[in-house]
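The next block holds one structure in the form of structure tokens; read it before the comments.
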There are 2 protein chains.
Amino acid sequence: MTESNKPILYSYFRSSCSWRVRIALALKSIDYETVPINLIKDQGQQFSQEFQALNPMKQVPTLKIDGITISQSLAIIEFLEETRPTPRLLPQDPKKRAQVRMISDTIASGIQPLQNLSILKQVGQENQLTWAQKVIHTGFNALEQILRSTAGKYCVGDEVSMADLCLVPQVANAERFKVDLTPYPTISRINKTLLALEAFQVSHPCRQPDTPPELRA
Amino acid sequence: MTESNKPILYSYFRSSCSWRVRIALALKSIDYETVPINLIKDQGQQFSQEFQALNPMKQVPTLKIDGITISQSLAIIEFLEETRPTPRLLPQDPKKRAQVRMISDTIASGIQPLQNLSILKQVGQENQLTWAQKVIHTGFNALEQILRSTAGKYCVGDEVSMADLCLVPQVANAERFKVDLTPYPTISRINKTLLALEAFQVSHPCRQPDTPPELRA
């Protein structure tokens, strides 16, 4: 693959949805370039004409790969899974795949969208923290109960899956919003185990090309 | 399959996420029983102990099938696709599959969760309509632009796909919230074409076991 054919990830270091995709790319050893889209600077670079043409939802991540442009983190991960199947991020058994997708969607449709930047702007500064905490507590209560029946070492059994790619960035959001994680021992345990893996470390918000110096680690 | 082995769909007639799954079941000719969960009555039947044990997120739909219980509409549809592949709801080409999932997730993560019942409750009665309209306009602006490059007769080419199962119920929500659909000719055209198909009609909110008499058609 020549330099110009490298996949391009439009990403923001702190975006939890971008982090999901960065973990997938790292696990599958896919070499890529990052184009940072700063969601705060210039009143939001996601609103530029150029970026809107790539992603009309004006959100990150977006991935240019194999001649197409894909948005929505789970759609991107499913595409990577179908075209670069090793190591797999979905189990072989359809019932376990259903569990992985159920957990992924619980986070991607049931939690994250309700506490993302554009919603918090609408909620108003003084209510943001309470709103985000409430949304995450509701979601984590459900998730903790689900994981009690699906988890092994990771979210579903003992293999890293798409569900884990959603879990870790969502826990980071929870920590950013000062959510007390004591009521969620299963979530906390799995998160800690995953954070020890290299793919979760190199993709971490504190180690991206656009991470501000004061947040680097 | 004996009567007791029939899949059970926990559903609410007006839930757009339930409708997505009802369309999939109809298209794939899967016989099932409906257990209505009334999201309004008894202060919300989704909050009962019995239902929370099935779906800790306290949302519909939930499907009991093949000995497992699956929540999250897209996870359910992907499971049906993998276990009952005919007729297919995802194209064969991975790039087209990515488009289908991108459109599905744009609706399932980017629009619907921001205008569902639990969020509207938090927004407060006087702001509900404005909030829902804004969310849907933002999403439909993006969707219209995406569909201009992916659509044929339906959302992606000329085959009904999971994206179409998401589109029609979301347009129904838009109509319920009195969203002006004039700016979205592609969405409107595809919606109209899909509503003529039998699977979209038998699954329609106006024809469910729990549809109130005054809303039947």
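Values in this text are rule-based calculations from the coordinates and carry no lab data. Values in this document were obtained by computation on a predicted structure and should not be read as measured data. Don't worry about glycine lacking a Cβ; one is built from the backbone with ideal geometry, like all the others, and counts go over all protein chains shown.
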message = Give me the inter-chain shielding for B:51-57: mean count of other chain Cβ atoms within 10 Å, whole number please.
response = 5
note = Expected integer from the mean partner chain Cβ neighbour count at 10 Å over B:115-122 is 2
query = In nm, what does the list of distances from A:P185 to its counterparts in the other copies look like, shortest first, when each label sits 7 Å along Cα to Cβ?
reply = 6.2
Label point 7 Å beyond Cα along the C-beta direction, distances from B:E198 to other copies (nm, shortest first) = 5.6
query = Say the dipole of segment A:9-86 comes from +1 at the beta carbon of Lys and Arg and -1 at that of Asp and Glu; which of A:P36, A:S16, A:M57 then lies farthest toward its positive end?
reply = A:S16
query = Å³ per residue of the Cα convex hull, for segment B:155-217?
reply = 96
ask   = Over the Cα atoms of segment B:94-200, Rg to Rh with Kirkwood Rh, two decimal places?
value = 0.98
task = Highest first, please rank the peptides A:173-184, B:155-166, B:89-100 by the mean number of other Cβ atoms sitting within 10 Å of their residues.
result = B:155-166, B:89-100, A:173-184
message = Only counting other Cβ atoms within 10 Å, I'd like B:R101, A:R207 sorted with the fewest neighbours first.
response = A:R207, B:R101
remark   = Long-range alpha-carbon pairs in chain A, meaning those over 23 Å apart, account in percent for 45
message = Once each part is reduced to its C-alpha centroid, what is the distance from segment B:75-103 to segment A:102-172 in angstrom?
response = 24
request  = Enter the mean projected area of the convex hull around the alpha-carbon atoms of the protein assembly as shown, in nm², rounded to one decimal.
outcome  = 20.9
note = Computed over segment A:9-86, the Cα gyration tensor eigenvalues, each multiplied by 5 and square-rooted, give semi-axes in Å (largest first) of 22, 13, 10
note = Within segment B:26-63, DSSP-loop trypsin sites (Lys or Arg not before Pro) with at most 16 other C-beta atoms within 10 Å are none
request  = Under 30 Å between C-alpha atoms is the cut-off here; go through segment B:1-113 and count lysine pairs that meet it, provided they're at least eight residues apart or on different chains.
outcome  = 11
message = 7 Å along Cα→Cβ for the label point: how many nanometres lie between B:K41 and each equivalent label in the other copies, listed shortest first?
response = 5.6
remark   = segment A:127-175: Kirkwood hydrodynamic radius (Cα pairs, Å) comes out at 11.6
ask   = On average, how many beta carbons from a partner chain sit within 10 Å of the beta carbon of a residue in B:73-82?
value = 5
inquiry  = For segment B:9-86, give me the percentage of DSSP beta bridges that are antiparallel, rounded to the nearest 5 percent.
reply    = 65
Over segment A:68-153: Rg over Rh, Cα atoms, Kirkwood Rh = 1.06
ask   = Which of these, B:P185, B:P205, B:P36, has the largest mean-square fluctuation under a Gaussian network model of chain B (Cα springs below 10 Å)?
value = B:P185
remark   = Within the set A:E78, A:E50, A:E144, GNM on chain A using Cα springs under 10 Å gives the largest fluctuation to A:E50
